[in-house]
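Beneath this line is the structure, given in structure tokens, with notes to follow.
Read the figures in this text as sums done on the coordinates, not as results from a lab. The structure displayed is predicted, hence computed values, not measured ones. Glycine also receives a Cβ, built like all others from the backbone with ideal geometry; neighbour counts cover every protein chain displayed.
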């Protein structure tokens, strides 16, 4: 079989799948993408621009850190980044104040992290080094970051995997794409089609079989096709919902050693930025942290669009699992009323558009993104092996920094395509 006649099927048209498809098609391979949704993008989920007045993101929104693959792709696409600016605020249950990121125990934390040789869960690390009452604020800050930012469980999350984040004194720089992540996905999908990639939407893979040196894929509705190799780029929980060949299923137990977190995201668009009424200095507020039911909020600053985005990540999102979209929006309004000490009805009166997603309820995601446990690096090496004709790819298999990001997905897709092209 010539390289040009090799047919590769990719399951999933998210960032990893599209990136792998473009790379393979450019190298002359015949590529088909099967996507269960009626759109490309996966956990990148564009919301109607007319509804919110700008290209809103119901899923991934920020570009984290250096993100070299993402930034190179943006340059190719002629897209631009808006760096996040402004001040961070917090609500302690009584009043709003600018977030003081300096902790008196910061030097001790940095020293303990530097000296850490053998990995521990975050919870064990804090119990071992920062158990006293004097460290209560530090523990709360770290737990809030692990749960809210990484969507992880401190009782399982790896301290070494998060060490770089903390050694930087907090989160890496963040930015947004002008036009949202949808603009990047549109560019990638168009590139794929221009290279001859067939993208079949509404095709949920149910079973994959290796037989006679080929791969047979059966989809919901009875559709199917046969190819030479396949790449699975679905989120980790969905690997359990597809019947897989022995070469893959024998390794699936390793997936239990990779964390997978949930996120609830609520977008509330208002007629005006009413949160500035009480305090003029909230004009440049970006992030707002609290211990309310929806604990994290952010604005579009420096864009002046009057929108607040609520965010709730990690295992505690299970407490709101009974709520539908309408219920989540109500919970968001309640949290804002408590934080800003305003009648909830006044806030609701200014609301002109709203959307909410509990990603655990999304049947093609079952959650938001992955995070590392102390055993994740070993698990990733097992899952990423090319033992048979079916390979695994996606953000959960990325072994660099900023696991769980779009950058991780794009890079993993590139690496998986490279494995095939080198073999």
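The table below lists the values:
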item	result
Cα-based equivalent ellipsoid, the range 245-380: semi-axes from gyration tensor eigenvalues, Å	36, 16, 12
Normalised contact order of the range 102-167, rounded percent, pairs of Cα under 8 Å and 6 or more residues apart	48 percent
Per-pair calculated FRET efficiency, R0 = 41 Å: residue 76 and residue 382 via Cβ, rounded to 0.05	0.80
Net length gained if the chain between residue 326 and residue 305 were fully extended (0.36 nm per residue, minus Cα distance)	5.3 nm
Choice from 283, 215, 11 with maximal GNM fluctuation in the chain (Cα, 10 Å cutoff)	283
Centroid-to-centroid separation of the range 7-31 and the range 298-331 [C-alpha atoms, Å]	34 Å
Folded to 0 to 90 degrees: helix 106-115 orientation relative to the chain principal axis, Cα	30 degrees
Where labels lie 7 Å past Cα in the beta-carbon direction, separation of residue 94 and residue 351 in nm	3.0 nm
Value of relative contact order over the chain, rounded to a whole percent, pairs C-alpha under 8 Å and six or more apart	25 percent
Volume per residue that the Cα convex hull of the range 276-351 spans, once the total is divided by residue count, Å³	99 Å³
Candidates 288, 397, 109, ranked by Gaussian network fluctuation over the chain, Cα under 10 Å, top entry	109
Cα shape, the range 102-167, gyration tensor, a/c 1.5 rule	rounded
Global geometry of the range 150-263, whether rounded, prolate or oblate, following the gyration tensor of its Cα atoms and the 1.5 cut on a/c	oblate
On Cα atoms only, tilt of 406-422 relative to the major axis of the chain in degrees	20 degrees
Distance (nanometres) between label positions extended 7 Å along Cα→Cβ at residue 240 and residue 102	4.7 nm
Net lengthening on full extension, residue 190/residue 124 (0.36 nm per residue, minus Cα-Cα)	19.0 nm
Per-residue Cβ neighbour rank within 10 angstrom, fewest leading, 362, 324	324, 362
Two-site FRET efficiency, residue 375 against residue 344, from Cβ-Cβ distance with R₀ of 35 Å, rounded to 0.05	0.20
Acute angle (nearest 10 degrees) that the helix 180-194 long axis makes with the longest principal axis of the chain, alpha-carbon atoms	10 degrees
Cβ-based exposure ranking for 105, 322, 129, 140, in which fewest neighbours within 10 Å come first	322, 140, 105, 129
C-alpha center-to-center spacing [the range 342-410, the range 43-103] in angstrom	16 Å
Whether the range 56-127 is rounded, prolate or oblate, judged on the alpha carbon gyration tensor where a/c under 1.5 counts as rounded	oblate
Binned Cα-Cα distances of the chain, short to long, each 20 Å bin given as a whole percent	26, 55, 19, 1
Full-extension gain in nm, residue 423 to residue 131, via 0.36 nm per residue minus C-alpha separation	100.0 nm
Exposure proxy ranking, count of Cβ atoms within 10 Å, fewest first, for 403, 145	145, 403
Taking the C-alpha atoms of the range 308-353, convex hull volume expressed per residue in Å³	84 Å³
Overall dimensions of the range 1-60 by Cα: Rg and Dmax, Å	15.0, 51
MRE, 222 nm, helices only [DSSP H, n ≥ 4, -39500 (n - 2.57), over the chain, to nearest 500]	-9000 deg cm²/dmol
